[in-house]
Amino acid sequence: MNRRNLFTSLVRASQRGGGALDAAPMVQAGLEPYTTPLTLEDVFHLYRRLGFSVSMPVATTHVGKQAADVVEELLGEDDPGDPTPDMVFAKWRDPATQLMVDYTENPQGADLQTRLAIEGWWKGNHRSFSNWWLATMYRDARAVERLTLFWMSHWCTEFSFDETYMVPQMHYRHYRMMRKNRLGNFPSMALDVTVDNAMVFYLGGTYNEVGKPNENYGRELLELFTTGIGWYTEGDVKEAARVLTGWKASRFNDQPAPKGIYNTWFDANKHDTGAKEFLGVTIPARTVDNNTEFQVLNEEVFELIKIIFRVRPDAAARFIARKAYLYFVYSSKGDVDESFVNDLAAEFRAANFDIKPMLKKLFTSQHFFDPALRGAQIKTPVEYVVGLQRQFGVEELDPQIWVLDMDQIMLDPPNVAGWPGHHTWISTNTYPRRREFARKLIDAMTDARANAFIREFADYEDVAKFVLAVTRFLLPVDVSQARLDFYKSALLEGQPDYTWAEKLEVPSAAARAMRELLKAIAKAPDFQLC
Amino acid sequence: MKRRTFLSTTAAAAVGTQVLGGVPLKAFSPFDLGEHVQADDDRILIVIQMFGGNDGMNMIIPADDPEYYKIRPSIAVPKEKAINVLSRVYMHPSLDAKAPYNLKRMFEDGRLAIVNGIGYEAPSLSHFRSTDIWLSGFNSSDPNKRLVDGWLGRYWSNKINGFPEVLPPDPIAVQIGGSLSMLLQSPKGDIGIALTDPQKFFELGQGLSPDMDPMPEDTRYGREFNFVRLVAEQSDRYSTVVKNAFDKGENKTTYDDTNFVKQMKLVARLISGGLKTKIYLVYMGGFDTHVQQQDENLNGLHPYLLEKLSTGIGTFMQDALIQGFADRVVGMTVSEFGRRPYENGSRGTDHGAASVQFVWGNGVRAGVYGEMPDLQNFDSNGDLRYQWDYRRVYADVLENWFGGTPEDTEGVLEDKVLPLGVLQRATSVDDAYAGKVHVDVKVMPQPMRDHSVLEWYQSVPGLVNVEIYGSEGRFLQTLYTDRVVPGTIRVPVRGIASGSYICTVTVNGARTVVPLTVVR
């Protein structure tokens, strides 16, 4: 306890920008394991943060279990396998012929009509990919997609940027690589990303050649992906760029693709073979003989990454741990619990930067389950859209358009830093869309679905208990009695309690009442929180 | 007493001759205050954010400098294609956009100020950190200092009585598209709204008020609840106000159909419809030109963006002139940094430091501020050195446009920052009654060696404060502060290293600026 208090006083002074609110009250609980058997509210909380919310029937099965067991189940050991074959975006179904084709033509230099056709094709594929992914999230019983989304928000790539597009076939392969790495070793993931075809294209690596360095990826590797600002010099950025020279992306059938289309390859002639001095460590010069893909990959690129984690282990561990904290616990950048992040970072480092043990510590900690942190997160558009479908048990067929309206284009963050999160998720531009989406889903509940929904709650026949249970299911923190009374009157349309039994006997009446209640709850500011 | 008696001689007036070096100025007469504007409350600022880091050196071209062609062999703008607008000052031809009106013509007509060498000490080359530094108005080299709100957000949230419990009838700020920028956030909540389509905003915004009171702020949940609640209230209330202005407003010129230009069109229409919004924020992305920024025919992403910038501002300005609200609007560009002076290997440029800022409108003191970049003298990273602290135009906006005081500027920026003088100062009758007088300060001798004396006569008693700033506008030291009786005041100056400085004499809050040159 003393350590935490001491630390708090040290960091508070420097944490916030001028004039901001005082930091939120300290949460005393730290990384100690949470061993209380899970209540229903605990299960909701866990799934809101680590999953995309949870249906009532699934939540009920976890009550009374240990957090460690449920978290293990959500994270999982096994490889989830690749998605089902008809969802493989390596090939696309040609709408005209219904044949599966690889569409690899280069639109640059083509006539306008061809170029627009190709780009239109990509856009269509990007939309299908987005909808497919959102549907996969909706069906994901574990945290596979949730974690993949987290890492794809960390190692950002964009579908549309500058004046060009990420070919969706490349993007899909990139997604699959992230998914495979989601629980693995962070430095290995970093290596995979660094030579990933999509990333080599996206951050200009493909233009990074000896004598003509392009610093884009070298800078972001340090600034955004591993240590954060303050742990390297501009000279280190330049040296990193030199190390990374020679990797080429393969995008089109008119470009060299020695390893097959959409696979990165190494052009030894474009690699800078001179010695490099990165973070105080020398990467020796090489001769023509050992300037091979295998050797450069291991002795320079992987070495570069290993140097980061060897020379700046604490900075890197803290940077990733803080990112996880912002994403899963509380997004307010001025309110990160630095003491907790330090402890989590120490665990991450001790586990040799393996991701799974670090996440498991986080999600089974007393800190994570502390009441003071519940309801503090603003639901991201994806969480909101996927989560509401799950909670209501209604599937939206074109979810990507809703997510887009709420200012999160799937696979297409605004820039390489990803979505800024927190308050940027809610504005007068997007809040009305959120309300509209909730209304639409609620109206889409059939009478049968609404009646089934009611009966998912154990005490549904007792109107007061039922209203309380529904608010706890949909809102993150218990609400006042006045609000409960208001919601009950919305459900009963102002009539006395005993009319609830009568409504229950008439499915259309019960369904209408249910929709009224849901709409009333969806109006509340905390409906956007989790 | 007549208001005119108390018109300021302004920072620009005194500093201008010093800083402009060899660049003769058109439409710039330090003592021509004929066009001063009353500090009305209907003044509007348009902020154009150019995300990605705009290549200032390929926008205002140092075409007389042979070094430019050496360091940019494939992407330099040839001298014969650059547009010479003033001695040694050239524009990228894309700024002479084929539009009803454009930035080149605005410069010729005295409606554009070009601020060379805008930047800050110890520049960050990170898009994100540097954008935060620009939008927050805090230049913090400490990466652990969290920058969470904006300089305009802080200023206006304190100016509006009772905010956020009381919302003004019209939104203080309107951002076109996207999620609300840090610029418009404040510790008390967002001061503005974001909208893309007024019609949609109206249709969806009706009845969104949650009809709930705010929560206590002592929990994380309570704070976030209040944040969402305020946005919901603003959506509900402002959807009607904006729709009414949109329906009433009109455009009287033809805008082209590209994203940025359409944003400027919408802003013009909302102003035309009488929306009492103080700040509009519009956004252009794509300036991160690492790759293929320009080909040999001067086509490419960067020229395209410059052409759109010029078209958007020019078309808007023409609309504003036709409709008669041009005097009420000024605009400024912000971009997180310029590019590296040397081109990279991909016909592009990597992240750099100092760049060029545009300030435009009838209310600007048009001309070129600062020298063309010195291509022989880079900083330790090989980037352009800055000549002006980036917050100097902010201080102009606060003091000379929105009618704030130096104390407001210091409160908002947590630093003493001098206006650059790029905007014409608003004055009011109240100033006279408050004894805010501008005085005629003499520096004897000038240039100074070991010591000099500042001397002026003042007709009113009051609080006098004398300060020294670096030529880029950063506060250095206070020389003198005391209450004085009317008469001739003399303040000795000594012990200052060689260099160019700005000296300020503030009497009851009214600031007079004189240059000070020290040669030892």
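Residue pairs whose Cβ atoms lie under 6 Å apart, sitting 6 or more positions apart in sequence or on different chains, and linking a residue in the range A:32-59 that is at positive phi to a partner that is open to solvent by less than 60 Å² (accessible area, probe 1.4 Å) and modelled with pLDDT of 95 or more, are A:Ser53/A:Tyr47; A:Ser53/A:Gly387; A:Ser53/A:Arg390; A:Ser53/A:Gln391. Only one of the listed residues (B:Thr315, B:Thr311) is farther than 30 Å from B:Tyr120 by Cα and of a type in the set (Val, Ile, Thr). That residue is B:Thr315. Restricting B:Arg490, B:Arg520 to those that are modelled with pLDDT under 90 and basic (Lys, Arg) reduces the list to B:Arg520.
Does at least one position in the range B:168-184 carry a residue that is closer than 24 Å to A:Glu338 by Cα, touching a residue at least 12 places away in the same chain (Cβ under 8 Å) and at the interface with another protein chain (Cβ under 10 Å from one of its Cβ atoms)? Yes, the range B:168-184 contains a residue that is closer than 24 Å to A:Glu338 by Cα, touching a residue at least 12 places away in the same chain (Cβ under 8 Å) and at the interface with another protein chain (Cβ under 10 Å from one of its Cβ atoms). At least 1 residues being of a type outside the set (Val, Ile, Thr), modelled with pLDDT under 95 and in the same structural domain as B:Gly324 (by TED's automatic domain parsing) is the threshold, and among the strands (runs of 3 or more DSSP E) wholly inside the range B:36-119 those reaching it are B:83-86. Checked against the criterion of being over 23 Å from A:Asn214 (Cβ atoms) and polar (S, T, N, Q), the range B:333-355 contains one or more residues that satisfy it.
Meeting the requirement of 2 or more residues that are surrounded by fewer than 18 Cβ atoms within 10 Å (Cβ to Cβ) and within 14 Å of chain B (Cβ to nearest Cβ), the helices (runs of 4 or more DSSP H) wholly within the range A:192-294 are A:234-243.
No other residue among A:Met137, A:Met152, A:Met170 is touching a residue at least 40 places away in the same chain (Cβ under 8 Å), within 29 Å of B:Gly300 (Cβ to Cβ), in a helix (DSSP H, G or I) and not acidic (Asp, Glu) apart from A:Met170.
Among the residues of the range A:434-476, those identified as buried (at least 19 other Cβ atoms within 10 Å of the Cβ), in a helix (DSSP H, G or I) and within 11 Å of chain B (Cβ to nearest Cβ) are A:Arg434, A:Arg435, A:Phe437. Selection of first residues in the range A:268-279 that are within 28 Å of A:Pro258 (Cα to Cα) and of second residues that are among the acidic types (Asp, Glu) and modelled with pLDDT of 95 or more, restricted to Cβ pairs under 9 Å at least 6 apart or on distinct chains, gives the following pairs, ordered by first then second residue: A:Ala268/A:Glu293; A:Asn269/A:Glu209; A:Lys270/A:Glu209; A:His271/A:Glu209; A:His271/A:Glu300; A:Asp272/A:Glu209; A:Lys276/A:Glu239; A:Lys276/A:Glu300. Take B:Gly411 and decide whether it is in the same structural domain as B:Gly331 (by TED's automatic domain parsing), open to solvent by 30 Å² or more (accessible area, probe 1.4 Å) and of a type outside the set (Val, Ile, Thr). Spelling it out, B:Gly411 is indeed in the same structural domain as B:Gly331 (by TED's automatic domain parsing), open to solvent by 30 Å² or more (accessible area, probe 1.4 Å) and of a type outside the set (Val, Ile, Thr). For the range A:514-530, filtered to residues that are open to solvent by 10 Å² or more (accessible area, probe 1.4 Å) and in a helix (DSSP H, G or I), the residue that is farthest from the other protein chains (Cβ to nearest Cβ) is A:Arg515. In summary, A:Gln389 fulfils each of the numbered conditions (1) open to solvent by less than 10 Å² (accessible area, probe 1.4 Å); (2) over 23 Å from A:Glu41 (Cβ atoms); (3) not assigned by TED's automatic domain parsing to the domain that holds A:Ala68 with the single exception of condition (2). Within the range A:477-505, if we keep just the residues that are away from chain B (no Cβ under 14 Å) and of a type in the set (D, E, K, R), the residue that is nearest to B:Asp213 (Cα to Cα) turns out to be A:Lys488.
Yes/no matrix, rows are residues, columns are (1) part of a loop (DSSP other than H, G, I, E, B); (2) open to solvent by 40 Å² or more (accessible area, probe 1.4 Å); (3) within 30 Å of A:Asp335 (Cβ to Cβ):
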site	(1), (2), (3)
B:Glu217	yes, yes, yes
B:Arg223	no, no, yes
B:Arg237	no, yes, yes
B:Lys252	yes, yes, no
B:Val267	no, no, no
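Would a scan of the range B:433-441 turn up a residue that is over 22 Å from B:Arg365 (Cα atoms), at pLDDT 90 or above and either open to solvent by 70 Å² or more (accessible area, probe 1.4 Å) or out of contact with any His (no Cβ under 6 Å at 6 or more places or on another chain) (or both)? Within the range B:433-441 (the criterion being over 22 Å from B:Arg365 (Cα atoms), at pLDDT 90 or above and either open to solvent by 70 Å² or more (accessible area, probe 1.4 Å) or out of contact with any His (no Cβ under 6 Å at 6 or more places or on another chain) (or both)), the answer is yes, since at least one residue qualifies. Hey, can you tell me all the residues within the range B:113-145 that are farther than 17 Å from B:Ser355 by Cα and among the small types (Gly, Ala, Ser)? B:Ser136, B:Ser140, B:Ser141, listed by residue number.
Screening A:Arg179 on (1) within 10 Å of chain B (Cβ to nearest Cβ); (2) part of a helix (DSSP H, G or I) shows it passes everything except condition (1). The set of residues in the range A:295-307 being out of contact with any helix residue (DSSP H, G or I) (no Cβ under 9 Å at 6 or more places or on another chain) and open to solvent by less than 40 Å² (accessible area, probe 1.4 Å) consists of A:Ile307 alone. Go through the range B:208-241 and give me each residue that's of a type in the set (Asp, Glu) and either at pLDDT 90 or above or closer than 16 Å to A:Pro432 by Cα (or both). Within the range B:208-241, B:Asp211, B:Glu224, B:Glu233, B:Asp236 meet the criteria.
Results for (1) open to solvent by 60 Å² or more (accessible area, probe 1.4 Å); (2) touching a residue at least 60 places away in the same chain (Cβ under 8 Å); (3) aliphatic (A, V, I, L, M), shown as yes or no for each residue.
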| position | (1), (2), (3) |
| --- | --- |
| B:Arg425 | no, yes, no |
| B:Asn465 | no, no, no |
| B:Leu476 | yes, no, yes |
| B:Tyr480 | yes, no, no |
| B:Arg511 | no, yes, no |
| B:Pro515 | no, yes, no |
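Considering the range B:383-405, and only residues there that are of a type in the set (A, V, I, L, M, F, W, C) and farther than 24 Å from B:Asp350 by Cα, the residue that is surrounded by the fewest Cβ atoms within 10 Å (Cβ to Cβ) turns out to be B:Phe402.
The values are calculated or read from the model by the stated rules, or taken from the named source; none is laboratory data. None of these values were measured; they are calculated from a predicted model. Counting neighbours? That spans all protein chains shown, and the Cβs are built from the backbone with ideal geometry, glycine included. Side chains are part of the model used for accessible areas, which takes the heavy atoms of the whole protein and leaves out ligands, DNA and RNA. Shrake-Rupley method; radii C 1.70, N 1.55, O 1.52, S 1.80 Å.
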